[in-house]
Every structure is written in structure tokens, then in C-alpha cells.
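Below is one structure; the comments refer to it alone.
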Amino acid sequence: MENDPRRSRSRVTVDGPERAPHRSMYRAMGLTDADFRNPFVGVANLATEVTPCNFHLDQVAREVKTGIREAGGTPIEFPAITVSDAIAMGHQGMKGSLISREIIADSIEVVTFAEGFDALVAVGGCDKNLPGILMAAVRLNIPTVVLYGGTMMPGVFQGKAVSVEDVFEAVGAHAAGRIDDAELDALERAACPGPGTCGGLFTANTMGTLVETLGMARLGTSAVPAMHPDRAARAREVGQQVMATLDSNIRPKDIITLKSLENAVRVAAALGGSTNAVLHLMAIAGEAGIAITLEDFDRISRETPHIGNLKPGGEYLMAHLHEAGGVPLILRRLMDAGLLHEDVLTITGKTLGEEVRNYPLPDSELASRVVYPVEKPLHPDGALAILRGNVAPDGAVLKLTDPSGQVQFTGPARVFDGEEAAFQAISAGRVQSGDVVVIRYEGPKGGPGMREMLSVTAAIIGQGHVSDVAMVTDGRFSGATRGPMVGHVAPEAWVGGPLALIRDGDRITIDSQKRQITVDLTAEELEARRAAWQRPAPRYTAGALAKYQRLFSSASLGARTTLGES
Ligand code: FES
């Protein structure tokens, strides 16, 4: 056992007379001689009481640890932080959300590095969990399996399945006088019936889908709802799986490659998943040293039929996808159409093609309603578009949720410095049909932290402007956002990007077919305004927000913390 190659890292921490103090510390926690002879598997458990998304993860991690022990490993559990994107939404707290992705990555990396684990399982739920976990996995490059904690079950209100997205939109409807206090209160009580992540194909569920697509999770684990009776068994299998992955010495960088990232982009486009996937996949690629650009996202999206009939753009929730066949159903549809690289490696040592083609799909009549056949898609193109133009020379992201599958919009700018000013104007009915709401100084550095504008976009919808008001921002929008919304505008206003120069009344055009976002200003006019522009004073000069403001890269590079790029 001493020369067990699987123990190449933990051996350094527990073998030999000089490590008696270390073993002594472990014995204080109940470890035995037998435990020291087994590989040490870190179990990053992102359980927390700050959000229902992760509320149940202690139970999940417990099953994972049982599986690890059954397969001859020694599990060592440790925590990492989580910020609840829904509860942070709509106020200054959201600035902590993207920062939390970096802290999750850093903390898993640091603990695993310091403790010398031989392998890793990470269990997460809320939006930033899986991206942070994958970033850490790539940095550490030790055998790793990721387990997504699962979605919340749908709430039921007035006979319809609802999620927290409906509550956000109801706030706008309430402000517009379209629903009364009693209806808002009843919906609030019905929408979130228990633990799990927000129910639609918002950011967390999108990333759950992609972690399976990438081959870093066991096939069929992500769509299982948090409270589903199968979840415990799946979690135990993950514990067993990580030992097999360690035996085969399969590492994240063997799995996360340009091809597997292209598969992930393909699935995000086919499903109409959250635009945050663009940011997160670019950040993961950046950690892996893989060059993937916004143009790759646009190219793949153009070649990909939109087949996911999932909220916010469609009709169904993640729990319905589970009934219909889960992530393997999507992968099978795309694979049969020749749209995925089948030869990419997964944690099992099999290729994605072998895994998916051998996965037993249920005979579900829901399947073709939740995920359309590739031959009869919702739209011929994918749901992500990368725009450029004199508003966003380094790119911006548009999610095509309109039933037409396209956006063609021209209107006068209504410019707001920050989310709060925009929300107040919209809620007071001061934004009119035809307006383009510009929200700036909300980018990675300007916010800092690139807040999600769900309160604003939900207020726009709630006021009845489903597709007749557009929004353009250097912040993000939530996975739950719908309507003609452009985010991730780069360069951001804080670094003097064109968004900083736009004034009320300037006419902005969003053209998804031409992939353009432009303002009707000449280069000379933009230059003259730039010469007169002054950066606002930073909102934070100390603490975590000031620190991360300095470290964030551009949204066009994934807004990850770097020591180099600006
Ligand atoms: Fe965690 Fe929505 S708040 S997934």
C-alpha cells in the first residue's frame, strides 16, 4: 500500500514517522490505520442555509462519502462558500455573486492543495457553484467528479407550474397595478416548495446540464430533482465513481478540452440556456489554457437548432426534463444529428458517445414536448448570439428568447448609471414602449461584480413590456431573464467603453441577424465624448469588492480574476 500510486499526494501528509503529528490530528477526528492506507478523497460540500439551492447538500455529501468508503477511499469533507443569486438579486448584494465564483474556486484549490487529497468530489448547487468547482478542478488537475445537487420541484399556483422567476415578474405586475397584494402574497408562498435550485433552465440548471455534457459528472445525475428519492443512490454512485476515476488516473484536463467545451457551447445554444454559460465556460477554458472565443460561441449557436422548450423562453422546468429523460435525452438528440463530438473522454474512462448511446432513456411522451426533435426545432438557430458594433467593440451577448428566434430593435436610449436608478424608473412607469434601457457601470470592474439585472428585466416584463422594451448593459442578466436583452457589453463603461458615452435619446439598434449592436453616433462624436468623459469615483475602496475590482478581467474573457489581462 505504501507504494500505491493513487496515494501520491496523501502519502506526503500521513506516511512515515515524521508524519506522526499529522496522523495524530486525524486520529482526533476518528481516522484509523486502515483509513491512512486508503487514498484521501476531498469532498467539497457547498451546503449552506443561505439558499434553498444548497440547503440539502449535507445529505447528498453524506451519501457520497458512504460511496467513497465502500470503494476503498477515505473521504474528508470540507466547505466552500455560496451566495444565493436569487436572494442577492435586486440590491447591492448581487455584487458578491461573481466574486463568490472566484472564492469557491480559490478555496477548493487551496484546501485540496494544502491537505494533499488524492482525488476530489465537489457537490454544489447554486449558480456560481459548478463554474467555481470546475475552475478549481482544472487548476488542481487531480481525478475529480462533480455532483450537481438538483433542482427545486415546481410550485403550483392557479393550476400552473411556477418557479421563483414568476415571483420576480409578479413584483413588476404588482408595481403596475396588474395584480393585488393578496395575489402576490399567494404566489410568493407557492413558488418555492422546498430545497433545490431555481426551477427553470436558469444558470444553475444550465451549468448542471453542462457539467454532464463536459463529462465531469456521471451521466443522468444533474436533472434529478433535489428531493427526488433517486438522489441518494446517485450520490452514493458518485462516491464509488471517484475511486474508479482515481484508479484510471483520469484528470480534468483529459476531459475538459476544446472539443468538450464546444459540446458544452452546443448544448447551451440548443437549450436556450443561461447566457452566464458564456462567461463561465470562457472562465473554465481560461483556467485550462484553452483558447475559445466569443466567435466560437456565435458560430456554434448559428449551426445549432434550438430544441429546448424550457423556461424562461419555453414552457417547462428542469423537473420536467428529468421526467422526459434528463440531460442524456438532449445529448442523444444532438448526437444522432451529428452535432456533438462523441469521442471526448468522460470521468468513467468511456467516451461521451459510449456513455450516451448506452444510457437507457425512458419511453416518455413528454420527451418531444420538452426537447424538440432536431428535425423539427423551435428555431433553426441556437439561442445565443454574440453582437459587436460601436456599442460593444469587444462583444456582447444576446439571448434569443423571442418566439421569432430573432431580435430587430431600434429605439432611443434611456441611460441609467446602475441598476437601482433603472428599476425605479421602470417601476414608476417612466420607461415607454420602444425605449432601449441602458444600464452601465455594472460590469466586472464597474459594479464591481457584474450584477444580474433580473429585477429590472422582470419589472419590464411585469409592466407589460414583453418585447417592446430592450435593455443593454455591461452587467449580466439572469438565467431567468427573457425579452430583447443584451448583456456583457465589452469593453465596459468603467474602463471607458462606448456605453459610458451614450446619452438619453441616442438611437440604439440591436440586430440579431447581422449580429450587431450600434448607436447612431459617428466615430468623431464618440471620440469627442470620450475626451470629455471622466470615470466616476469607485464605489468601494477597501475590502473584497475593491480587491476583486482590480483583479477581474473583461467579460469578453470570462470576467475571471487574472494577474495579467485587463
Ligand atoms: Fe440558487 Fe437560483 S438562487 S439557483
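The values are calculated or read from the model by the stated rules, or taken from the named source; none is laboratory data. All of these numbers come straight from a predicted model, not from anything done at the bench. Using ideal geometry, Cβ is built from the backbone for each residue, glycine included, and neighbour counts are taken over all protein chains shown.
Residues checked against (1) of a type in the set (S, T, N, Q); (2) modelled with pLDDT of 95 or more; (3) away from the ligand (no atom under 12 Å from the Cβ):
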| residue | (1), (2), (3) |
| --- | --- |
| Ala71 | no, yes, yes |
| Ile104 | no, yes, yes |
| Leu120 | no, yes, yes |
| Pro131 | no, yes, yes |
| Tyr148 | no, yes, no |
| Ala176 | no, no, yes |
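For region 368-468, list the strands (runs of 3 or more DSSP E) that sit wholly inside it and hold at least 2 residues that are within 30 Å of Ala270 (Cβ to Cβ) and under 26 Å from the mean Cα position of the chain (by Cα); which are they?
384-389, 392-399, 436-440
Here's the yes/no breakdown for (1) part of a loop (DSSP other than H, G, I, E, B); (2) at pLDDT 95 or above; (3) within 16 Å of the ligand (Cβ to nearest atom):
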site	(1), (2), (3)
Val64	no, yes, no
Val83	yes, yes, yes
Ala86	no, no, yes
Lys95	no, no, yes
Ile108	no, yes, no
Met153	yes, yes, yes
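Say whether the condition of being without any contact (Cβ under 8 Å) to a residue 12 or more places away in the chain and either surrounded by 12 or more Cβ atoms within 10 Å (Cβ to Cβ) or in contact with an Asp or Glu (Cβ under 8 Å, 6 or more places away or on another chain) (or both) is met by at least one residue in region 503-515.
Restricting attention to region 503-515, the residues satisfying the condition of being without any contact (Cβ under 8 Å) to a residue 12 or more places away in the chain are 514.
In the following step, the residues that additionally are either surrounded by 12 or more Cβ atoms within 10 Å (Cβ to Cβ) or in contact with an Asp or Glu (Cβ under 8 Å, 6 or more places away or on another chain) (or both) were identified as 514.
Yes; the residues of region 503-515 include at least one that is without any contact (Cβ under 8 Å) to a residue 12 or more places away in the chain and either surrounded by 12 or more Cβ atoms within 10 Å (Cβ to Cβ) or in contact with an Asp or Glu (Cβ under 8 Å, 6 or more places away or on another chain) (or both).
For (1) touching a Leu at 6+ places or on another chain (Cβ under 6 Å); (2) assigned to a loop (DSSP other than H, G, I, E, B); (3) over 27 Å from Arg302 (Cβ atoms), each residue gets a yes or a no:
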| residue | (1), (2), (3) |
| --- | --- |
| Gly505 | no, yes, yes |
| Thr509 | no, no, no |
| Lys514 | no, yes, no |
| Thr518 | no, no, no |
| Leu526 | yes, no, yes |
| Arg529 | yes, no, yes |
| Pro536 | no, yes, yes |
| Arg539 | no, yes, yes |
| Leu545 | no, no, yes |
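Within region 248-259, how many residues turn out to be assigned to a helix (DSSP H, G or I) and in contact with a Gly (Cβ under 6 Å, 6 or more places away or on another chain)?
The initial filter retains those residues of region 248-259 that are assigned to a helix (DSSP H, G or I), namely 252-255, 258-259.
Narrowing further to those that are in contact with a Gly (Cβ under 6 Å, 6 or more places away or on another chain): 255.
Residues flagged as assigned to a helix (DSSP H, G or I) and in contact with a Gly (Cβ under 6 Å, 6 or more places away or on another chain) within region 248-259 amount to 1.
Listed residues Leu398, Leu321, Leu339, Leu334; which is of a type outside the set (Val, Ile, Thr), over 30 Å from Arg440 (Cα atoms) and touching a strand residue (DSSP E or B) at 6+ places or on another chain (Cβ under 9 Å)?
Values: Leu398 fails: over 30 Å from Arg440 (Cα atoms); Leu339 fails: touching a strand residue (DSSP E or B) at 6+ places or on another chain (Cβ under 9 Å); Leu334 fails: touching a strand residue (DSSP E or B) at 6+ places or on another chain (Cβ under 9 Å).
The match here is Leu321.
Would region 178-189 turn up any residue that is within 16 Å of the ligand (Cβ to nearest atom) and at pLDDT 95 or above? Talk me through it step by step, then tell me what you get.
To start, the set of residues in region 178-189 that are within 16 Å of the ligand (Cβ to nearest atom) comprises 188.
Okay, now just the ones that are also at pLDDT 95 or above, so 188.
Yes.
Would you mind stating whether Arg266 is closer than 21 Å to Pro380 by Cβ, free of Cβ contacts under 8 Å to residues at least 12 places away in the same chain and either surrounded by fewer than 24 Cβ atoms within 10 Å (Cβ to Cβ) or not β-branched (Val, Ile, Thr) (or both)? Steps first, answer last, please.
Details: closer than 21 Å to Pro380 by Cβ: yes; free of Cβ contacts under 8 Å to residues at least 12 places away in the same chain: no; either surrounded by fewer than 24 Cβ atoms within 10 Å (Cβ to Cβ) or not β-branched (Val, Ile, Thr) (or both): yes.
No, not satisfied.
Here are the criteria: (1) more than 19 Å from Arg451 (Cα to Cα); (2) buried (at least 20 other Cβ atoms within 10 Å of the Cβ); (3) away from the ligand (no atom under 13 Å from the Cβ). Tell me which single one Gly124 does not satisfy.
Just one mismatch for Gly124, condition (3).
So Gly90 fits all but one of (1) away from the ligand (no atom under 14 Å from the Cβ); (2) out of contact with any strand residue (DSSP E or B) (no Cβ under 6 Å at 6 or more places or on another chain); what number is the exception?
(1)
When the residues of region 451-489 are narrowed to those that are within 16 Å of the ligand (Cβ to nearest atom) and in contact with a Pro (Cβ under 9 Å, 6 or more places away or on another chain), which ends up nearest to Ser274 (Cα to Cα)? Reasoning before the result, please.
To start, the set of residues in region 451-489 that are within 16 Å of the ligand (Cβ to nearest atom) comprises 451-455, 457-458, 476-482.
Cutting the leftovers down to in contact with a Pro (Cβ under 9 Å, 6 or more places away or on another chain) gives us 478-482.
Working: Ser478: 7, Gly479: 4, Ala480: 8, Thr481: 9, Arg482: 10 Å.
Ranking the candidates gives Gly479 first.
Only helices (runs of 4 or more DSSP H) wholly contained in region 181-247 count here; list those with 3 or more residues that are crowded, with 24+ Cβ neighbours inside 10 Å. Quick ask: steps written out before the conclusion?
Working: elements: 181-190, 203-214, 231-247.
Those helices (runs of 4 or more DSSP H) span 203-214, 231-247.
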